[in-house]
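Trainee: Please find one structure pasted underneath; my questions will follow.
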Number of protein chains: 2
Amino acid sequence: MKPIDRTLAAQLTAATPGTTVRLCGHVHRRRELATVTFLVLRDRSGLAQVVIRPADGQQAPPEETPVEVIGIATGNPQAPGGVEITSPAVTVLSEPALTPPVELWRPELAAGLPTLLDHAPVTWRHPAVRARWELAAASLRGFRATLDAAGFTEVHSPKIVESATESGANVFEIDYFGRPAYLAQSPQFYKQQLVGVFERVYEVGPVFRAEPHDTVRHLAEYVNLDVELGFVRDHRDVLAVLREVLAGMVEGIETYPAAAVGRLGVELPVVPPEIPVIHFAEALRLVGAPEDEPDLAPEHERALGAWARETYGSDFLAVEGYPIRKRPFYTHPWSRQARPPGDGSNSFDLLFRGLELVTGGQRLHRLTDYEAAIRARGEEPAAYASYLQAFAHGMPPHGGFALGLERWAARLVEAANIREVTLFPRDLHRLTP
Amino acid sequence: MKPIDRTLAAQLTAATPGTTVRLCGHVHRRRELATVTFLVLRDRSGLAQVVIRPADGQQAPPEETPVEVIGIATGNPQAPGGVEITSPAVTVLSEPALTPPVELWRPELAAGLPTLLDHAPVTWRHPAVRARWELAAASLRGFRATLDAAGFTEVHSPKIVESATESGANVFEIDYFGRPAYLAQSPQFYKQQLVGVFERVYEVGPVFRAEPHDTVRHLAEYVNLDVELGFVRDHRDVLAVLREVLAGMVEGIETYPAAAVGRLGVELPVVPPEIPVIHFAEALRLVGAPEDEPDLAPEHERALGAWARETYGSDFLAVEGYPIRKRPFYTHPWSRQARPPGDGSNSFDLLFRGLELVTGGQRLHRLTDYEAAIRARGEEPAAYASYLQAFAHGMPPHGGFALGLERWAARLVEAANIREVTLFPRDLHRLTP
């Protein structure tokens, strides 16, 4: 006899009543009443209700046990999707599961963050917890779809690098065949070099920061979404690509795991046709900060977020023209005619609901500018020889941005701690699971 | 005046003759003849010919210089795409480029591997070299598209891990805030745990092997394509997914950078509707190896590849049933009724044109089986506590596979050395660029 094809829980609603179906999943919930036992099965698509009556001669195994259920699809308006399984044969596919550290069947997971993180392999099974990552994964699909359509090439750059030159601080050291090497803090140097090759590139991959800070916003390892493109006029062209990328990420969430958004009650941001931009100097004035402040404080960012919401109805606000001394050495000086250059730069931060989400801008592209910028920080260009090759042999005006996946997801679901949206976080204290 | 939109080289063929167009790119080739100078411009889409006559009053900058060219689209059957640019205004967008270490405009790059690798940021610009990575990138698109459509969730697991338990050897050690940690050799443990959450997962990311071998096949860091799925009957269900994935990768190459395939003259493999499978014991017999051999030697793999080509017309052959003692401890014993279990396993290697490309199989899924397997290798299950949580709390029968991106690309383009298809390789000796 041909085995019956598997039906997913979400497909049950379309099953013809009276037909035999086969489901596979974990026992999400077991409720033993006097005359009937309800077994709620959970698979990747959702939940299905299985009704076990005494005449069925079946046992409902403990919660989380993986099972196969073969039974009759039967209409029941009270069941999820309007269809439940009756007269089931239940087969345990492993051993009966031990009781989970948290009650995964409750609509809300009643557990503190340490419990969630210590038991991550199990607590991620909770539908509302899982949905957090599903949003992140859907965002990645939207990110790539947008850039693929715009002629970008996906690249993968090495995570083991020879020197800690980019920032010098907060790098992890490795024993690399007996000599020191470091974990890359970002693909910055590589994505720039690859603009000379592919003109438009993106990379999704891990970056590493030996952050000695124990905060709700910092991780020692996270997933970075990096973009870089050539032949830009200035950072505004980069910002225009960022706008498309954000719209694509939101669209990805709307398109793919629609159920996840519902499970979380997330209010998706609206990405305006053009992201409002404010100059750093105006931003300082707006929040009442002294005009010689070199950066925006978190409370300033919050105030600007509220202002953008009120003024433009936008969850996003770009702040451009940051003082160049506060930006990395490869940052391009301010070049737009709208205001004199001063000490500004063609760089921007993007605030999402009042929190910095993206940093981007135009980079230097002339070899002589790099040599001057490196000498200005008291270093020798020779230390950057490998990186500078690309510039010696001709690089177009270019720029790009980087967006932390976990920070994006945390802000979307309003997580109090970035660890809530990280599958297996790494920080000052946490190296497992 | 509104700036003229940029035209890509590949779009020129559709330009109306006589219209003014704007191109951006690098000077690929400069040929100064007595009465005319030809400037071949290279952008991400291809090449375009610009004709500079004395009356134009323009200079052609040195090769690799980034330029903007505004001129008239003019029909010329000899030009690439049948259209060239005449009466151009050429603007240098950076400084004139230094002469590249290799002549990038030659159809074939005449340079040894060390030169290629030392100058990677520049040598990757050669159209035929760049095409190698474009195939890899297109393969990734096909890989994800296939799995996204089949209900898989993309995941990202940590690369910094607490212990080197999976294999014990060839791991890089990190100084993690003063205590030792390691770079992950694979996402194996995490992708299995996440089967309990998402049921079907994949990850594309770096893996790290402190390979002390200096061979043409090994890298210290490479990009792994990892897949894992639950509710399988045995490894043949995994192989069926692998077949779809390979077909999707080939389709990706056919669909996206069609020009890249042409530039390289690659013969794309045909993925048969079902990948032929041979049992390990039969494979040994076929190649005339002793029946107690625990593994296949490279010459055996080559012979089997030729045999599959001849017998099935297939570039792919799966060898199943490897002796379990040669596979990782989480491997599931042989369970198919076709032959007695013996010391076999529900695992397979996939040979692609006679070379191992993929390793996969069914994993153990019962906690008690794991405890026994870990004790059998003289270790204590407590050392794996974090990993074993998922199994204590119910895991379905599952399996998966891993495929190295660079190995796939190398075999496709018949590269003699895997470093030829790696953007910035890392090995025993090489840590830059």
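No value in this document is a laboratory result; all are computed from the given coordinates. This one's a predicted model, so the numbers in the text were calculated from it and none came from an experiment. Methodologically, a virtual Cβ is constructed for each residue, glycine included, from the backbone with ideal geometry; neighbour enumeration extends over all protein chains shown.
Trainee: So what are the ³J(HN,Hα) numbers for the range A:333-349, from phi and the Karplus equation (6.51, -1.76, 1.60; θ = phi - 60°), rounded to whole Hz, Gly and Pro as x?
Mentor: Couplings: x, 4, 9, 7, 6, 4, 8, x, x, x, 9, x, 9, 7, 10, 8, 10 Hz.
Trainee: Between copies, how close do the A:PRO80 label points come, placed 7 Å along Cα→Cβ, listed in nm from shortest?
Mentor: 5.5
Trainee: Report the charge-dipole magnitude of the range B:336-379 in Debye, nearest 20, computed about the Cα centre from +1 at each Lys and Arg Cβ and -1 at each Asp and Glu Cβ.
Mentor: Details: 7 positive and 6 negative charges, 30 e Å.
It works out to roughly 140 debye.
Trainee: Rounded to the nearest 20 Debye, what is the dipole magnitude of the protein assembly as shown about its Cα centre when Lys and Arg each give +1 and Asp and Glu each give -1 at the C-beta? Before the final figure, lay out each step's value.
Mentor: Values: 86 positive and 108 negative charges, 210 e Å.
The calculation lands at about 1000 debye.
Trainee: What residues from the range A:82-125 fall in the zone where the backbone N is under 16 Å from a label point 7 Å along the Cα-to-C-beta line of A:ARG22?
Mentor: Only A:88-94 fall inside the zone, counting backbone N under 16 Å.
Trainee: Multiplying the sequence separation of A:ALA55 and A:LEU286 by 0.36 nm and subtracting their Cα-Cα distance, what value in nm do you get?
Mentor: Details: separation 231, 0.36 × 231 = 83.16 nm, distance 7.32 nm.
In short, 75.8 nm is gained.
Trainee: Using the number of other C-beta atoms within 10 angstrom as an exposure proxy, rank B:PHE316, A:PHE391, B:PHE329 with the fewest first. Present the calculation step by step, with values, prior to reporting the outcome.
Mentor: On the way: B:PHE316 23, A:PHE391 27, B:PHE329 19.
By the 10 Å Cβ count, ascending: B:PHE329, B:PHE316, A:PHE391.
Trainee: Sticking with this one: Which of the aspartates and glutamates could a cross-linker bridge to B:LYS326, judged by Cα under 13 Å and excluding same-chain residues fewer than eight apart?
Mentor: B:ASP292, B:GLU293, B:ASP295, B:ASP343, B:ASP349
Trainee: Under the rule a/c < 1.5 gives rounded, and otherwise a/b versus b/c splits prolate from oblate, where does the range A:280-420 land using the Cα gyration tensor? Don't skip to the answer; put the middle values down first.
Mentor: Details: a/c = 2.32, a/b = 1.61, b/c = 1.44.
Judged from the Cα gyration tensor, the range A:280-420 comes out prolate (a/c at least 1.5, a/b above b/c).
Trainee: Would you please classify the overall shape of the protein assembly as shown from the alpha carbon gyration tensor, given that a ≥ b ≥ c denote the square roots of the eigenvalues, rounded means a/c under 1.5, and beyond that prolate means a/b larger than b/c while oblate covers the rest?
Mentor: On the way: a/c = 1.82, a/b = 1.40, b/c = 1.30.
It comes out prolate by the Cα gyration axes.
Trainee: Compare the Cα positions of B:VAL287, B:PRO340, B:PHE316 along the charge dipole of chain B (+1 at Cβ of Lys, Arg; -1 at Cβ of Asp, Glu; about the Cα centre) and return the one farthest towards the positive end.
Mentor: Selected residue: B:PHE316.
Trainee: What gaps in nm, shortest first, separate B:THR19 from its twins in the other copies when you place the label 7 Å past Cα toward the beta carbon?
Mentor: 5.3
Trainee: I need to check one value: relative contact order of the range A:9-92, counting alpha carbon pairs closer than 8 Å and at least 6 residues apart, in percent.
Mentor: Details: 207 pairs, mean separation 28.5, N = 84.
For the range A:9-92, the relative contact order is 34 percent.
Trainee: Going by the alpha-carbon gyration tensor, a ≥ b ≥ c the square roots of its eigenvalues, is the range B:9-55 rounded (a/c under 1.5) or, if a/c is not under 1.5, prolate (a/b greater than b/c) versus oblate? Write down the numbers at each step before the final one.
Mentor: Values: a/c = 2.62, a/b = 1.34, b/c = 1.96.
Oblate.
Trainee: With axes computed from alpha carbons, what is the tilt in degrees of helix A:298-312 against the longest principal axis of chain A, rounded to the nearest 10 within 0 to 90?
Mentor: Compared with the principal axis, the helix lies near 80 degrees.
Trainee: Apply 1/(1 + (r/R0)^6) to the Cβ-Cβ distance of B:ALA150 and A:VAL216, taking R0 = 56 Å, and write down the FRET efficiency to the nearest 0.05. Kindly include the intermediate steps, with their values, before the conclusion.
Mentor: Values: r = 36 Å, r/R0 = 0.64.
My answer for the efficiency is 0.95.
Trainee: Across peptide A:112-122, how many C-beta atoms of other chains are within 10 Å of each residue C-beta, on average?
Mentor: Details: counts 0, 0, 0, 0, 0, 0, 2, 4, 7, 16, 8.
For this peptide, the per-residue mean of nearby foreign Cβ atoms is 3.
Trainee: Using modelled backbone amide H atoms (1.01 Å from N, in-plane), which distant-in-sequence or interchain residues come within less than 5 Å of A:HIS279's amide H?
Mentor: Result for A:HIS279 returns A:GLU320.
Trainee: Sticking with this one: Averaged across A:23-32, how many Cβ atoms of other chains sit within 10 Å of each residue's Cβ atom? Intermediate results must be reported in sequence, preceding the final value.
Mentor: Values: counts 1, 5, 4, 8, 1, 0, 0, 0, 0, 0.
Shielding by partners across A:23-32 averages 2.
Trainee: Still on this structure, please answer the following. What's the exposure ranking of B:GLU134, B:GLU154, A:GLU108, going from fewest to most Cβ atoms within 10 Å? Mind dumping the intermediate values first?
Mentor: Details: B:GLU134 25, B:GLU154 21, A:GLU108 8.
If I rank by nearby Cβ atoms, fewest first, I get A:GLU108, B:GLU154, B:GLU134.
Trainee: Can you give the Kirkwood hydrodynamic radius of the range A:121-421 from its Cα pairs, in Å with one decimal? Could you put the intermediate results ahead of the total?
Mentor: Values: mean 1/r = 0.0496 Å⁻¹.
Answer for the range A:121-421: a Kirkwood hydrodynamic radius of 20.2 Å.
Trainee: Per-residue Cβ counts within 10 Å, from other chains only, averaged over B:393-405: what number is that?
Mentor: Working: counts 15, 19, 9, 10, 5, 3, 0, 0, 0, 0, 0, 0, 1.
If you average over the peptide's residues, the count of other-chain Cβ atoms is 5.
Trainee: Using θ = phi - 60° and the Karplus form 6.51 cos²θ - 1.76 cosθ + 1.60, what ³J(HN,Hα) does each residue of the range A:274-280 get, whole Hz, x for Gly and Pro?
Mentor: 9, 6, x, 10, 10, 6, 3
Trainee: Put a label point 7 Å from Cα along the Cβ direction on A:THR255, then list its distances to the equivalent points in the other copies in nm, shortest first.
Mentor: 1.1
Trainee: Say R0 is 22 Å: what FRET efficiency, to the nearest 0.05, do A:SER87 and B:ARG233 get from their beta-carbon distance? Don't skip to the end; give the middle numbers.
Mentor: Numbers: r = 24 Å, r/R0 = 1.09.
So the FRET efficiency works out to roughly 0.40.
Trainee: Highest GNM mean-square fluctuation, chain A, Cα pairs closer than 10 Å: which of A:GLY321, A:GLY262, A:GLY178?
Mentor: For chain A, modelled as a Gaussian network with Cα springs under 10 Å, the answer is A:GLY178.
Trainee: Still on this structure: Taking each pair of different alpha-carbon atoms in the range A:9-92 once, compute 1/r for the pair, average those values, and report the inverse of that mean as the Kirkwood hydrodynamic radius in Å to one decimal.
Mentor: Details: mean 1/r = 0.0814 Å⁻¹.
With all distinct Cα pairs of the range A:9-92 included, I get 12.3 Å.
Trainee: I would also like to ask the following. Please report the relative contact order for chain B, taking Cα pairs under 8 Å with a sequence separation of at least 6, and give it as a percent rounded to a whole number.
Mentor: Reported as a whole number, the value is 13 percent.
Trainee: Right, here's the next one. Pop a pseudo-label 7 angstrom from the Cα along the beta-carbon direction at both B:GLU108 and A:LYS326 and give the gap in nm to one decimal.
Mentor: The two pseudo-label positions are separated by 5.6 nm.
Trainee: Relative contact order of the range B:45-197, please, whole-number percent, based on alpha carbon pairs below 8 angstrom and at least 6 residues apart.
Mentor: Working: 155 pairs, mean separation 21.7, N = 153.
The value is 14 percent.
Trainee: Given the Cα-Cα distance of A:THR432 and A:GLN337 and 0.36 nm per residue of separation, how much length would full extension add, in nm? Write out the running numbers ahead of the final one.
Mentor: Numbers: separation 95, 0.36 × 95 = 34.20 nm, distance 5.18 nm.
Here the answer is 29.0 nm.
Trainee: Rounded to whole Hz and in sequence order, give me ³J(HN,Hα) for the range A:195-212 from the Karplus expression 6.51 cos²θ - 1.76 cosθ + 1.60, θ = phi - 60°, writing x for Gly and Pro.
Mentor: 4, x, 9, 9, 6, 9, 9, 9, 9, 10, x, x, 10, 10, 10, 7, 6, x
Trainee: Which one, B:TYR370, B:VAL129, B:VAL36, is farthest towards the positive end of the dipole of chain B when Lys and Arg carry +1 and Asp and Glu -1 on their Cβ?
Mentor: B:VAL36
Trainee: When you count, for each residue, the other Cβ atoms within 10 Å and take the mean per peptide, how do B:264-270, B:368-374 rank with the highest first?
Mentor: B:368-374, B:264-270
Trainee: Within the range A:89-114, name every residue whose backbone N is under 19 Å away from a label modeled 7 Å from Cα of A:VAL36 along the Cβ vector.
Mentor: Counting backbone N atoms under 19 Å from the label point, the list is A:89-90.
Trainee: Taking the Cα centre of chain A as origin, sum charge times position over the Cβ atoms of Lys and Arg (+1) and Asp and Glu (-1), and report the length of that vector in debye to the nearest 20.
Mentor: Numbers: 43 positive and 54 negative charges, 166 e Å.
Approximately 800 debye in magnitude.
Trainee: Separate question: Between A:LEU268 and A:LEU355, 0.36 nm times their residue separation minus their Cα-Cα distance comes to what? Intermediate values should be presented prior to the final figure.
Mentor: Values: separation 87, 0.36 × 87 = 31.32 nm, distance 1.57 nm.
Roughly 29.7 nm would be gained on extension.
Trainee: Something else about it: Under the rule of at least 5 residues apart or a separate chain, name every residue whose amide H is placed under 5 Å from the amide H of B:THR65.
Mentor: B:VAL27, B:ALA97
Trainee: Name the long-range amide H neighbours of B:SER345: under 5 Å, sequence gap of 5 or more, or other chain; modelled H, no Pro or chain starts.
Mentor: The list, which skips near neighbours in sequence, is B:GLY321, B:TYR322, B:ILE324, B:TRP334.
Trainee: I would also like to ask the following. Can you give me the angle between helix A:127-149 and the longest principal axis of chain A, using Cα atoms only, in degrees from 0 to 90, rounded to the nearest 10?
Mentor: 50
Trainee: Have a look at A:LYS326, A:LYS191, A:LYS159 and tell me which one the Gaussian network model of chain A (Cα, springs below 10 Å) gives the largest fluctuation.
Mentor: A:LYS326
Trainee: Which ordering of B:LEU140, B:LEU350 is given by a fewest-first count of other beta-carbon atoms within 10 Å?
Mentor: Taking fewest neighbouring Cβ atoms as first place, the list is B:LEU140, B:LEU350.
Trainee: Using Cα centres only, tell me the gap between the range A:318-378 and the range B:223-271 in whole Å.
Mentor: Here the answer is 42 Å between Cα centres.
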